[in-house]
Amino acid sequence: MRLSNRNSMRGSAAPAALLAILIVIMVVATVYVFVANPFPSRPPATITSVGQLVDHQYFLTLCVTGVVFILSQLGLAYAIWRFRDRGQTAHFTRGSNTLEMIWTTATIVLFLGLGLMGRKAWAEVRFTPAEANAVQVEVTTNQFVFNFRYPGPDGKFGKLDPAQVSASTGNPLGLDSKDPDGKDDIVMPTLTVPVNRQVELLIRSQDVIHNFYVRELRLQQDAVPGMVIPIHFTANQIGHYEIVCTQLCGLGHYRMRSFLDVVSDADYQNFLKQQAAPQ
Amino acid sequence: MSSHAHTGHAVVVEPSGFIRKYIFSIDHKVIGIQYFLLALTAVCVGIVLSLLMRFHLVYPGAHLPFVSGGIMTPEQYLALVTMHGTIMVFFVLTTAPQGGFGNYFLPIQIGAPDMAFPRLNMLSFWVTFLAFVAIIAAFIVPGGAPISGWTGYTPLSGMGEVTGPGEGMGQTLWIVSISLFCLASLLGALNFIATTIDLRAPGMTLFRMPLTVWGWFVTAILGLLAFGVLLAGGVLLLLDRSAGTSFFLPAGMVVNDQLQPHSGGSPLLWQHLFWFFGHPEVYIAILPGMGVASHVLSTFARKPVYGYRAMAMAICAIGFLGFMVWGHHMFLSGMSPYSGFAFSVLTMSIGVPSAIKTFNWIGTLWGGKIQFKSPMLFALGFVSLFVSGGLSGLFLAQPAVDNMLHASYYVVAHFHLVMGVAAIFGIFAATYFWFPKMFGRMMSEPLAQIHFWFTFVGTYCIFMPMHFVGLAGGIRRYADATGTTYAAALQPVHVFMTYAAFVTGAAQLIFLFNFFWSLKHGAVAGKNPWNATTLEWITDSPPPIDNFGGHYPSVYRGPYEFSVPGYRQDFIPQNLTPDQAALLK
């Protein structure tokens, strides 16, 4: 049996080189994917101006973290290679208070600055209520469907009564049969909105927590039972966009989806007319 | 026979009989190994679950003989998701670094004969073991394992089977298991804190403690303050499910056209309780690994830890700030958006001490004399992986950007890189580093190196591409990744990640083999095979029952005196008196 109190090992070039090279390859590959997009690696173009604020903030963060990422990883790789054991004596130091102050201050300024710069993209949607003349649509989620309710020509949402919910007989939202305001409400499985007009979504859930997310809007919101949560957006491009549920809601979570159709104002008025309940 | 030796320590008596020695032992070293073996079992289960998940994502229709029904259903996939997360976070990442290595080495590194409360320590382990039995039992009860994720959001988890399969007995067992785990961890935390405060050797001031001890100490404080909240939440959830209460359940819920009888509760309350625990929990998972990384980097670069005081204070800062950021899991939950912004600023702040640690790790290497033994390889890998995983946190910390990334695979990539890889690398570094001390034998270095290269490359291959899947809109916890019209284009990336996962998983068999083979056949280890400075390396490998054979050390210097100018030997152990150290000049 051999004892294993070995002296420091010389000839550590192979692991040092391999580790340094692997780190460099990892950095290069990562940067390459960000830059060249060789496989789908980015969200689709946004269709709101707030979405552009989000993208701008994302891009700013990417630049800052990208620089930190590249410098730290390459710095690590360099140190691994340059200071491998070649028989030298290590340079004794306990550190440098000056350096600590410098990089702490720089990091605070950078990270907090970044966080504060993202305020506008968040505030414009979340701190600011929808305009008074926004198109209002109520979004109701349950296992595992989206239902969208428009107030109809009278502009008023009818009362809902949970006891009257009956998806099987055509009343999935539980419209109160006794409330006349609800008679003209339009209930649809997909969401149709006019382009270039602010839309306010009133997000609610009947059972567990769900979520409403459209990538192109750069906007998502959990739907929480017991709450009605308003969000708003103004889509500036006509098109057909996917709505997905992102909050784990049960076994059908993966197939809970719908579509957002952004249409011209004329098409939107036609849509409302066509869907209007027979009077 | 006096019950106290001249140094004031109680005489530790060697137990007799197999049961007292190895099963119901009050020796922190045995308990540490028990926790480690529990974590080893748990990680094998957890890895198998994740491989099944990855396999299902690329071959959803495949015939699986061991699955009831032959083809994996969505609810079975979600059960895998839930159990994988729960088992890994609790029974691996909270158990091995703290319960395993912390238990074994905290007393020895501070020069103590055992933990402050040895019997409490034994109780903590066995309650944790019971918790593990409970969570495994969830697989085999009617309805199967729960499907609400490791986060167990209500009302999905709060109403029983009406919300989905597995939500009956399986979810109840989940709550029972977690609650037992909280109890055990609270007791353990008490022990660690009392031990660190009270039992340090003469001369070991706080700023002469190894950074590993700082890591375990602050982790224990986090545990003491956080686990109680989860325990409370678990009790309330159990009451909602079985006693007709409505802590988390509002009025007017309709499930499958059936009006539910609850009223007055808030689903957000569960999220607050869970995440108030949950965020400190992830720092509990990483801080011991950070301590180990600093310790191993210094030892194998033959240089003091760069900025030791800053590192110790950064550990404290991370711990403190860790309690103030839980809302970043809830930006889109319906919580006040103003709170969201506050949480965002605090979360960006916690990036600061983490960045400081990274700079100091590189500073520790700079000008060093780096030896690429297996503990060091994993410590170096830890630094790279922590940088990669930590930086993606800066995106998620901003609520506006979170609009785009929440619940996507970007989040999964982030937390796997920091927890599922970096923290695991901390565990591997600790294992390779301390195996000689624990078992008196060296692990095979060639096998260890092969294990490292496969794991380092493999984990990067699994989790780096995952960021891009998330950016492109891939949503997490989807049993079928191809459901959305745009997600089909991401399948090739999923295939790549799955192949990488299987190769990396297989590579862990090398570690398992090395571990168990070396217990019997490894080269005999001396007291200090790594020429390290801290107190565990002055005693035998493995240590005697009372850790130091009656000769308790005093401490005369800091823990990282490497390559001190003027000395022939490139390390000065903490316990050498100035006269003894002078002999090394």
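Nothing in this text is a laboratory measurement; each read-out follows from the coordinates by a stated rule. Remember, predicted model here, so these are calculated numbers, not experimental data. Here the Cβ is made from the backbone with ideal geometry for all residues, glycine too, and neighbour counts use every protein chain on show.
For the range B:80-182, the Kirkwood estimate of hydrodynamic radius, built from reciprocal distances between every pair of different alpha carbons, is 14.7 Å. 3J(HN,Hα) along the range B:297-302, derived from phi through the Karplus expression 6.51 cos²θ - 1.76 cosθ + 1.60 where θ = phi - 60°, amounts to 4, 5, 4, 8, 9, 6 Hz, with x in place of Gly and Pro. Amide H to amide H distances under 5 Å link B:Gly307 with A:Gly95, A:Ser96, where only residues 5 or more positions off or on other chains count and H is placed in the peptide plane. Ordering A:Ser258, B:Ser384, B:Ser263 by the number of other Cβ atoms within 10 Å of each residue's own Cβ, fewest first, gives B:Ser263, A:Ser258, B:Ser384. Bridging of A:Lys183 to aspartates and glutamates at a Cα separation below 16 Å is possible for A:Glu138, A:Asp154, A:Asp161, once same-chain residues fewer than 8 apart are set aside. The simple spin-label model puts a point 7 Å past each Cα toward its Cβ; for B:Leu584 and B:Phe516 those points are separated by 3.9 nm.
Rounded to the nearest 10 degrees, the angle from helix B:424-439 to the longest Cα principal axis of chain B is 40 degrees.
For B:Thr151, no residue whose modelled amide H falls within less than 5 Å of its own remains once neighbours fewer than 5 places apart on the same chain are excluded. Relative contact order of chain B, please, whole-number percent, based on alpha carbon pairs below 8 angstrom and at least 6 residues apart. Result for chain B is 15 percent.
Given their separation in residues at 0.36 nm each and the Cα-Cα distance between them, A:Gln275 and A:Arg255 gain 4.6 nm when the chain is fully extended.
What does the net charge come to around A:Asp181 if you take all other residues with beta carbon closer than 15 Å to its beta carbon, with K and R at +1 and D and E at -1? In short, -2. Taking the helices alone, chain B has a mean residue ellipticity at 222 nm of -19500 deg cm²/dmol, built from -39,500 (n - 2.57) per DSSP H run of at least 4 residues and averaged over all its residues. Per-residue extension of 0.36 nm, minus the Cα-Cα distance of B:Lys527 and B:Val13, leaves a gain of 182.8 nm for this segment. Residues whose amide H lies under 5 Å from that of B:Val255, counting only those 5 or more places away or on a different chain, are B:Gln260; hydrogens are built 1.01 Å from N in the peptide plane.
The C-alpha atoms of chain B define a longest principal axis, and helix B:74-88 lies at about 20 degrees to it.
Working from the Cα coordinates of the protein assembly as shown, the gyration tensor eigenvalues give, after taking √(5λ), semi-axes of 52, 29, 23 Å in decreasing order.
In order along the range B:472-478, the Karplus-derived 3J(HN,Hα) couplings, from 6.51 cos²θ - 1.76 cosθ + 1.60 at θ = phi - 60°, round to 6, x, x, 9, 6, 6, 8 Hz, and Gly and Pro are given as x. As a proxy for reagent exposure, ranking A:Thr190, B:Thr482 by other Cβ atoms within 10 Å from fewest up yields A:Thr190, B:Thr482. Scalar couplings 3J(HN,Hα) for the range A:184-191, obtained by applying the Karplus form with A = 6.51, B = -1.76, C = 1.60 to θ = phi - 60°, are 9, 5, 10, 10, 10, x, 10, 10 Hz; x denotes Gly and Pro.
Any of B:Lys369/B:Lys437; B:Lys21/B:Lys585; A:Lys120/A:Lys159 with alpha carbons more than 32 Å apart? Name them for me. Correct reply: B:Lys21/B:Lys585; A:Lys120/A:Lys159.
Does the range A:131-275 come out rounded, prolate or oblate, given a ≥ b ≥ c as the square roots of the eigenvalues of its C-alpha gyration tensor, rounded meaning a/c under 1.5 and, failing that, prolate meaning a/b above b/c? It is oblate, given that a/c is not under 1.5 and a/b is not larger than b/c. Taking 1 over the mean of 1/r across every pair of different Cα atoms in the range A:54-96, what Kirkwood radius in Å do you get? Mean inverse Cα-Cα distance, inverted, gives 13.1 Å. For the modelled label position 7 Å from the Cα of A:Asn133 along Cα-to-Cβ, which residues of the range A:222-262 have backbone nitrogen atoms closer than 17 Å? From the range A:222-262, the list is A:233-235. Once the Cα atoms are used to define both axes, helix A:97-117 deviates from the longest principal axis of chain A by about 20 degrees.
Note on B:Lys21, A:Lys178, B:Lys303, B:Lys437: ascending count of other Cβ atoms within 10 Å places them as A:Lys178, B:Lys21, B:Lys437, B:Lys303, the fewest first. The alpha-carbon positions of the range B:31-582 define a convex hull whose volume is 145 Å³ per residue.
A crude spin-label estimate for the pair B:Leu64 and A:Ile238, with each label 7 Å from Cα along the Cβ direction, gives 4.6 nm. Net charge around A:Phe92, counting only other residues with Cβ within less than 12 Å of its Cβ (Lys, Arg = +1; Asp, Glu = -1)? Net charge in that neighbourhood comes out at +2.
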